[in-house]
Structure formats: structure tokens, C-alpha cells
Amino acid sequence: MPLPIEMPKLSDTMTEGTLVKWQKKVGDKVEMGDVLAEIETDKATMEMEAFDDGTLAEIYVQEGEKVAVGQQIALLALPGDKPGDAAAPRPAAPVKTSAKADSSTVAPPAAPAPVAEVPVPASGAKVKASPLARRIAAARGVDLTRVAGSGPGGRIVQRDVLEAKPGAPAAAPKRPGTPAQPAMGAPAASVQSIPALPAGPNDRTLPLSGMRRVIAERLVASKSTVPHFYLQIEVDAAPLLALRSEINATAEASGRGKITVNDLVIKAVIAALGRVPKVNAAWAGDAIIEYAAINLSVAVAVEDGLVTPVLRDAAGKSLGEISETVKDLATRARTKKLKPEEYQGGTFTLSNLGSYGIESFFAIVNPPQAAILSVGAAVKKPVVNGAGQIVAGQRMTLGLSCDHRVVDGSLGSQFLGELRAFIEKPALMLL
Amino acid sequence: MNYDLIVIGGGPAGYVGAIRAAQLGKKVACIEKERAGGTCLNWGCIPTKSLLRNAEMYQTMNKRAAEFGFKFDGLSFDWNKIIGRSRDVSDKNAAGIEFLFKKHKIDYIQAEANLEAGGVVKVKFADGKEESHSAPKILVCTGCTARALPNLPFNGKTVISSKEAMILPTQPKSMLIIGAGAIGTEFGYFYNAFGTKVTLVEMLPNALPYEDADVSTVVEKAYQKQGINVLTNTKITKAEATEKGVKLTVSGKKEETLEAEVALVAIGVAPILPTGSLKIELTERGYLKVNDAYETSVPGVYAAGDIIGPPWLAHVASFEAIQAVEGMFVAGHKPKRVTTFPACTYANPQVASVGLTEGEAKQKGIAYKLGKFPFMASGKARAIGELEGFVKILVGEPNGEILGAHIVGPEATEMIAELGLAITLEATYEEIEATIHAHPTLSEAVHEAVGTAFGKAIHI
């Protein structure tokens, strides 16, 4: 009996996947463990393996199509299969066309235009929805009063909710190994419901990628539920830049890779977090968790968004290890080859826009972490030195965005002070 | 004559489709070659349930009398009356269908139908008389018949199908059953209960190979305990009809030769395609090919039931026929295809399932939690002396929907409806948990099985 192959759920937040490439074609022999296809999830491109031996009998989803998790994408004929097989197979899940699951009709985050076409019942009207539809809607922050039901008598069923666009999520999505954020209502919902101007003939409506959707959900949750405050400090970057030139001069001679400014800042951040561990923490609803390990998330810009691969157990890593690991993670982040464990479980995030010439900025806290450091470019500017003279200096501005439930002003300042000390006197990092 | 709808075949698809069309005010004819009711009512579901009832009663009295405090001197049975009761049940049900045809003013035509182009159906009666009828819509429900084993054609005496197996004039001393699906399993139980030496031969790794593997294990063990020789993973390498009966050479755990008076071939079914000059496109496996509205390649000609392919189940056939007919005559009705359906086997222990098996969930990579409750821990099961089996429920993660349910044990087939409804309504485990199940009932096991998935079961 041929086995239906369905879109697998490759991460805890995945609801749909894009079939990037079929590695097997119809008629190919498949062995257990063979890679059948590459699937793009909301986070990465992953390989889908075969769980059985057989022959790929049919392909229902073409490369580039996006389909919901659980939808049948192919059919695998097993070794014993022959036409007219005696047994009664259970019917395969109905195959939806790509158009159904395609989100091309979904407007950008602020414009739930297609959803708005659904008549909104007067407030207080009872919504007919299945228990499963209600649970999924609650988990994804979908407003059921804005969803059209396709079940008996217009009842909203699972499929309708899965095809609807989430509004403001009720809580930050859970991450494995870290506690869930408490639901704090969704003040963003009213903002979400302000419709965008309708797209004109010359405008482009871009379908949301899985990554874009997750970024939207997570950052709306962060900005609307985490009480942010911001600290900023300007540091002398000259010693760090001098150290870098020194290291790279010898690196070149010995054939090792060059160290970046960011690598040195990462090293300094790790050292500062070691001194002020209360910043390496998370809000857990009824407690604060201070993490023993420093797992540093490093923001990496990728084609249609950003990911934050994690430099794990960063304390004690040498500058060389940091440089190589971050380079490897960043490269694989750009090609979407990261494994889930490589971008999950961070305890503090660093975002550096220095290479774009940005002098200062404040990033949004990456929940459930308590703080995020925003690193600007090292720029030459006049500085008043200790002797009261105006001299040329190399300055760098550091911004710290904090979750006030975990980090208070004095604690954040203490952290930035330690960080400045390490950046201005990098030799201290040797201690 | 001109009709709104002509239905060819009077089985669970045909008669149900005809009645639904009549309810919608249509002028309907139903043409049936043999007798209304189809395989289900005449040669399948219903008469076998009658036989199985006899087998259960006899087996209880024969094997468990002392346990229940009964004493019999010379307990015996009358084979002819057992078969007779089954035929009587079938006759009465068939008569019931004819009554329903009259009630709904459906023309019931007992003749052979030939499908011609242009909505014409030519019928030929047993006495040779011919008529021609026409309708803009035709529903083909011709069903299936037992499939023969290559090299061992049916002869009606020693090599038989399920049809002969339910009317054998004398009880055979030994029987080989080829195929341990629902049909093979049920007849195995029936004949063994009355003392026939039964060997079940199955090519796939398990008896009831499409049920959850845990369920198959319980059935295999129970059968072996009852004295049935169950050979799974066993291929037939040679088959011959001899003077004394049938001889099979099989290759499984070991090579062996099996002999018996009768061989029941229960390896599946083959389509009975409609006759006549009209050509209709077939599927790869030889069934009538239909679209989502159950329409064949010929506009106006629809098909439903076993003739459009598996699963070959009466309740699925009836559903399809109703969907097809409503699609034809109810404005705006979009016919639904079958997605979730229960499957039942009525031997002892009974087996019933709906939705995904655990193996299927694993294969599809669907996250689930497992709830399982053995009847051993059920007060009602102990009271009625039926402790074999369990209720096993797969709950989807993280949303808590019911992915599949598998019951093996007493009244399993009556209990599965609750879980079918749960799936159709998209109930989650919470709704089952929040529903008070009467005490003491076997259905409490469903409630407790869901509880075990979340550490809330009380009685285990």
C-alpha cells in the first residue's frame, strides 16, 4: 500500500513550509534516510528524509510551492505494492492545491485586507467554531470574529484558522528550554487592525515568508508586552582597533583568519556578562531565571529578514574560537542551513549595525531574554581629553535595550560600565 | 420510461442514493440484478453478524460455562439452523429495503442493466424480456465481488469465497483461510468457535494488517489462545485443489504444507464494472474514475460505493451515494469526499478504529501524545467477564485534537462512534474529558484513555 508523504513539522513554530527542491523525482528508488526534498521553514531550510524504502510514485507539490504542515506532498510506493493490492488503504489526506495554502493574498502585517472582507459580527455575537479551531486561534492570536467558517452551517473549523492570518499573538511564542511569556493581553491588536492603503496597480503586494511572519509575531509581542527602557554610552574604541590591527598583522603572516571588530566586542560582552550575570537572565512570569551559561545570540541579516544564531557556552571561548564560530554560524544562517538548536536557547543578544555606518540605535528586546546590546560604528570624532584639549578620537556608541521587569537602570548601567572597561582596556579580557 | 435518476445496483450505495433522491422529490428507478441490499445485506455485513452472534453464544457456553456457573449435559448445536437464522435475518432486511422502495415510490426493477450512451439504460429480465429506460442522471453502484487467488480458482465447494462460507451445508472439519483482513478474521473466529480446525494465513506482518499494530497483537494472541493457527508474514508458494480438499505450500517462519477440507479465499475484492456499450474511464486499479462530485468521465453518469475503489465499506458507500445525489439535485451543495471513517471487525475480541494509527502518525512526523486504557482496569469489563484489549487514543500536539482511536475488546464497534464524532466536530481531548461518561460502562475506558495521556486517569 503506497504511503502518503506529508509536509513535516520541522520546528515548533512551523505551520507551513515551502518546497525548495525535490532531491528525488518520480520513479526514483528511495531508501530510508535518503533526502527526499529541501523544505524551507520559518527559520531555516532543512532536509526532509524518507522514513521507508520504496519508490517515489507521485509528487503533488512543485518546487517553490508553499503548503501547510500535514498536507500530502508526495506518494511513496512500498516494495510490495502492486496495482490491485487487496488491502483497503485509509484514504490519503485530501491534496490541496498550492493556491489554498499560498499566502500571496496576505497583506503586510499592518493590513489584514483579505480578512477584513469577512463581515464582522456585532460585538457579543456568538462565534461558531470547533474546539480545535478555538484552541489554535488562541495559540496563534487569530481573531475568530474575522474568520469565515467553511464547516457545516458556517462553523469555523481548523482549516479556516490555519488559513487565516494571525492578528496580534496573545503571548510570545514559546521556545524550547525557556519559560513561556505570560499572556498580557494584546494592546497591539488595535494597531494591527488599522488597514493599509489598498495596493494600487503599480504597487507590489509581497507574500509573507515564514520568517517574516515569525519576526512580525515575535517583535509585536516583545514591543507590546515587554516594558522597554534604553541606556546609551559612548566608549573609546581606539585601543580595541589597535589590538585588532596588531592581531591581524600577525594573523596574515601565519595564515589565520582575520579578527573583526565585532569579534572583539563579542569577547568584551562575554567578559562583561561574566561580571554582571543578572543581565544574562529572563522573565519567567513568577520568577526571574539567571542563566549559568552565556549563550550569546548574534543577529545576522539574511536575505528576507534576520536570524540570531547562538554562540553557545561562550564564557571561556578564545577570540579565535569566537571568530571562527560566529563566521560559520553567519555563513550558514545566510544559506539557511542552521539547525534549530543553533538558533534557539540564547540568553543575551548582540546586534551590530556598525558596518552600515549606523552610529547609534536601540534594538527591540529578543524575548524571553532580558536585554539586547546595539553596537554602532567606530567613528572618528573630536573628543575632549583629560587635559581639556580637543583631540581626534575613535568613538563607538553602545545602546542597551532592557526588559525593566528584569533589569533596572542601575543594573544596566553597571553592565555597560563593565563593558566599557573591557573595550577601552582590552588587556583586562586576558584576566 | 423517463426518470430523473436511474440507480444501477441496490446495495448500500444504490438503495441509499435512490431513497435520498426520492426524498428530494425526484422520480427514481433502482435496477438490481439479484436482490436489494447488495453484498452488505445479502452476503456480507448483516448475515455474518448473525453467524458471529451464534458463535459468541456457543463459545461462551462451550468454553466458559463453569466460570459463569452453568452446567450443560450434552451441549450441542444444529448447523442448519445456525445458517438458517442468518439467511432469515438477511431475507427480512432485504424485504425491508423493498418496502422502503415502495414507501418512496421508487421503481424497483429486478433485471440486468446495460449502460448505453445518451443516458439510456437497457434492462433485461430473467425471462428474457427487455426494456429501455432513460434519465439525465445515472448513478452506478455495481459494487465488487470476491477476488480469486491466481492458481486457485473458486469452485464453490472446496475453494470458496465469503459468500459460500456463510452457507456451507455441512461444517467442515478443517479450514484454511487465506487473508487475515476483516473477512478472514471474522470467519476464522466463527468456524473455530464451532470446532473447525482453522489456519489463518496472512502475507503481511500482522493479522488485521491495516489496524494499529498493538491491536493486531492482541487479536493474534487471543486467536492463538482460542486455538486458531495464525500464520503471519507467510506467503503461499503453491496452491492446489485435491480430492480431499485443498493443499497449500507456504513459506513463513518455516516452509510447510497445509491441508484442509475447505479453503476460504479472503484476499480482497474486484470491481463489477457496468455492462453495456458505454465506455467509462477507469482508474489504474480498474475502478470507475470519478471527480470530486462523483461524476465519471461521462457527463451525467456518476458512481459511488465499492465500484469507485477502496475502502470497501458499506457505511462509506452510503455516504458517497448521498453526497453524489445531493450534488446532483441540491443547488449549491458541494459533495464531500470521504476523509475519516470508522473500520470495524466483529469477531471476539472486536476491533474498531478511526483516524490515524500510531504507525501512520510516526510515519507522517505528526507529534502526538498517547492515551491507553486496558479493559483489565474497567469495572464493567470485569463484571461481564471480558478483560481482553484496550482503548488507545492518539492526541495531537500541541493542539489536543483526536488524531486516531483504536479499540480492541468488548463492544469496541459500538464504542467507536463517540470518537468518530469527536474527530468530525474537531473536539479536543478536553471535550472528551469534560464529558461525564456513565458508570459502569465500557465507554468509561474512552474517558480514562484520554486521561492517561495527561496523567489524569483515576483507575490505572
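Could you check segment A:49-60 and list, in sequence order, the residues that are touching a Gly at 6+ places or on another chain (Cβ under 9 Å) and of a type in the set (A, V, I, L, M)?
Residues satisfying the conditions are A:ALA50, A:LEU56, A:ALA57.
For segment B:1-82, give me every one of the helices (runs of 4 or more DSSP H) that falls completely inside it and has 1 or more residues that are over 21 Å from the mean Cα position of the chain (by Cα) and at negative phi.
Where helices (runs of 4 or more DSSP H) fall fully within segment B:1-82 and carry at least 1 residues being over 21 Å from the mean Cα position of the chain (by Cα) and at negative phi, they are B:14-23, B:45-68.
Would you pick out the residues in segment B:287-306 that are farther than 15 Å from B:VAL7 by Cα and among the aromatic types (Phe, Trp, Tyr)?
B:TYR287
Listed here are the residues, each with its yes/no results for (1) of a type outside the set (Asp, Glu); (2) not in a loop (DSSP other than H, G, I, E, B).
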{"residue": "B:LEU168", "(1), (2)": "yes, no"}
{"residue": "B:THR237", "(1), (2)": "yes, yes"}
{"residue": "B:GLU240", "(1), (2)": "no, yes"}
{"residue": "B:GLU243", "(1), (2)": "no, no"}
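Looking at A:ARG140, is it at pLDDT 85 or above, crowded, with 17+ Cβ neighbours inside 10 Å, within 12 Å of chain B (Cβ to nearest Cβ) and closer than 21 Å to B:ALA427 by Cβ?
So A:ARG140 does not fit the description; no.
Quick one: in segment A:6-25, which of the residues that are in contact (Cβ under 8 Å) with a residue 60 or more places away in the chain and in a strand (DSSP E or B) is surrounded by the most Cβ atoms within 10 Å (Cβ to Cβ)?
Selected residue: A:GLY17.
Kindly provide the set of residues from segment B:428-438 that are within 11 Å of chain A (Cβ to nearest Cβ) and polar (S, T, N, Q), ordered by number.
B:THR428 - this is the single residue of segment B:428-438 that is within 11 Å of chain A (Cβ to nearest Cβ) and polar (S, T, N, Q).
Any idea how many residues of segment B:365-381 are in contact with a Pro (Cβ under 9 Å, 6 or more places away or on another chain) and assigned to a helix (DSSP H, G or I)?
Counting residues in segment B:365-381 that are in contact with a Pro (Cβ under 9 Å, 6 or more places away or on another chain) and assigned to a helix (DSSP H, G or I) gives 4.
Could you tell me whether segment B:439-450 includes any residue that is assigned to a helix (DSSP H, G or I), in contact with a Gly (Cβ under 6 Å, 6 or more places away or on another chain) and away from every other protein chain (no Cβ under 14 Å)? Before you say what the answer is, go through the steps one by one.
Step one: of segment B:439-450, the residues assigned to a helix (DSSP H, G or I) are B:444-450.
From the residues that got through so far, the ones that are in contact with a Gly (Cβ under 6 Å, 6 or more places away or on another chain) too are B:449-450.
Add one more test, that the residue is away from every other protein chain (no Cβ under 14 Å), and what stays is B:449.
Yes - at least one qualifying residue is present in segment B:439-450.
With the requirement that a residue be among the basic types (Lys, Arg) and either at pLDDT below 75 or surrounded by 14 or more Cβ atoms within 10 Å (Cβ to Cβ) (or both), what does segment A:176-222 give you?
A:ARG212, A:ARG213, A:ARG218 - these are the residues of segment A:176-222 that are among the basic types (Lys, Arg) and either at pLDDT below 75 or surrounded by 14 or more Cβ atoms within 10 Å (Cβ to Cβ) (or both).
Going residue by residue through segment A:26-36, is there one that turns out to be in a strand (DSSP E or B), within 11 Å of chain B (Cβ to nearest Cβ), at pLDDT 80 or above and buried (at least 20 other Cβ atoms within 10 Å of the Cβ)?
Initially, segment A:26-36 is screened for residues in a strand (DSSP E or B), giving A:29-30, A:35-36.
Going one step further and asking which of them are within 11 Å of chain B (Cβ to nearest Cβ), we end up with none.
Looking for residues that are in a strand (DSSP E or B), within 11 Å of chain B (Cβ to nearest Cβ), at pLDDT 80 or above and buried (at least 20 other Cβ atoms within 10 Å of the Cβ), one finds none in segment A:26-36, hence no.
What number goes with the only condition from (1) within 14 Å of chain A (Cβ to nearest Cβ); (2) within 16 Å of B:ALA213 (Cβ to Cβ); (3) under 23 Å from the mean Cα position of the chain (by Cα) that B:GLY389 does not pass?
(1)
Return a yes/no flag: does segment B:222-243 have any residue that is within 14 Å of another protein chain (Cβ to nearest Cβ), on the phi > 0 side of the Ramachandran plot and not hydrophobic (A, V, I, L, M, F, W, C).
Yes, segment B:222-243 contains a residue that is within 14 Å of another protein chain (Cβ to nearest Cβ), on the phi > 0 side of the Ramachandran plot and not hydrophobic (A, V, I, L, M, F, W, C).
Do you know which residues across segment B:346-362 are within 12 Å of another protein chain (Cβ to nearest Cβ) and either surrounded by fewer than 18 Cβ atoms within 10 Å (Cβ to Cβ) or in a strand (DSSP E or B) (or both)? Spell out the reasoning first.
Taking segment B:346-362 first, the residues within 12 Å of another protein chain (Cβ to nearest Cβ) are B:353-357, B:359-362.
The answer is B:SER353, B:VAL354, B:GLY355, B:GLY359, B:LYS362.
Taking the condition of being at the interface with chain A (Cβ under 8 Å from one of its Cβ atoms) and under 26 Å from the mean Cα position of the chain (by Cα), how many residues in segment B:365-382 meet it? Give the derivation first.
Initially, segment B:365-382 is screened for residues at the interface with chain A (Cβ under 8 Å from one of its Cβ atoms), giving B:365-367.
Those left that are additionally under 26 Å from the mean Cα position of the chain (by Cα): none.
Qualifying residue count for the region: 0.
Of the conditions (1) surrounded by 17 or more Cβ atoms within 10 Å (Cβ to Cβ); (2) assigned by TED's automatic domain parsing to the domain that holds B:ALA135, B:ALA343 fails just one. Which one is it?
Of the numbered conditions (1) surrounded by 17 or more Cβ atoms within 10 Å (Cβ to Cβ); (2) assigned by TED's automatic domain parsing to the domain that holds B:ALA135, the odd one out for B:ALA343 is (2).
Restricting to segment B:295-321, and then to whatever is touching a residue at least 40 places away in the same chain (Cβ under 8 Å) and within 14 Å of chain A (Cβ to nearest Cβ), can you tell me which residue is farthest from the chain's Cα centre (by Cα)?
That would be B:GLU320.
Scan segment B:284-299 residue by residue and report those that are in contact with a strand residue (DSSP E or B) (Cβ under 8 Å, 6 or more places away or on another chain), part of a loop (DSSP other than H, G, I, E, B) and more than 18 Å from B:ALA331 (Cα to Cα).
B:GLY286, B:TYR287, B:LYS289, B:VAL290, B:THR296
Looking at segment B:121-138, can you tell me whether even one residue there is of a type outside the set (Phe, Trp, Tyr), outside the structural domain of B:ASP107 (by TED's automatic domain parsing) and surrounded by fewer than 20 Cβ atoms within 10 Å (Cβ to Cβ)?
Going residue by residue through segment B:121-138, those that are of a type outside the set (Phe, Trp, Tyr) are B:121-124, B:126-138.
Applying the additional criterion that residues be outside the structural domain of B:ASP107 (by TED's automatic domain parsing) yields none.
No, segment B:121-138 has no match at all.
Picking from B:GLY332, B:GLY327, which residue would you name as being more than 26 Å from B:ILE228 (Cα to Cα) and either within 14 Å of chain A (Cβ to nearest Cβ) or assigned to a strand (DSSP E or B) (or both)?
B:GLY332
Residue-by-condition table, conditions (1) part of a helix (DSSP H, G or I); (2) without any contact (Cβ under 8 Å) to a residue 40 or more places away in the chain; (3) assigned by TED's automatic domain parsing to the domain that holds A:VAL298:
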residue: A:ASP313; (1), (2), (3): no, yes, yes
residue: A:SER323; (1), (2), (3): yes, no, yes
residue: A:ASP328; (1), (2), (3): yes, yes, yes
residue: A:THR331; (1), (2), (3): yes, yes, yes
residue: A:GLN344; (1), (2), (3): no, no, yes
residue: A:SER351; (1), (2), (3): no, no, yes
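Those residues that are more than 12 Å from chain A (Cβ to nearest Cβ), buried (at least 22 other Cβ atoms within 10 Å of the Cβ) and in a loop (DSSP other than H, G, I, E, B), I need them from segment B:392-427; list them, please.
B:PRO410
For segment A:49-67, which positions are within 14 Å of another protein chain (Cβ to nearest Cβ) and assigned to a loop (DSSP other than H, G, I, E, B)?
Within segment A:49-67, A:ALA50, A:PHE51, A:ASP52, A:ASP53 meet the criteria.
Let me spell it out: the conditions are (1) touching a residue at least 12 places away in the same chain (Cβ under 8 Å); (2) within 14 Å of another protein chain (Cβ to nearest Cβ); (3) crowded, with 22+ Cβ neighbours inside 10 Å; (4) not in a strand (DSSP E or B), and B:PRO205 meets all of them except one. Which number is the exception?
Every condition holds for B:PRO205 apart from (3).
Just checking, how many residues over segment A:384-423 are free of Cβ contacts under 8 Å to residues at least 40 places away in the same chain and part of a strand (DSSP E or B)?
4
The values are calculated or read from the model by the stated rules, or taken from the named source; none is laboratory data. Values in this document were obtained by computation on a predicted structure and should not be read as measured data. In this analysis, Cβ positions are derived from the backbone assuming ideal geometry, glycine residues included, and neighbour counts consider all displayed protein chains.
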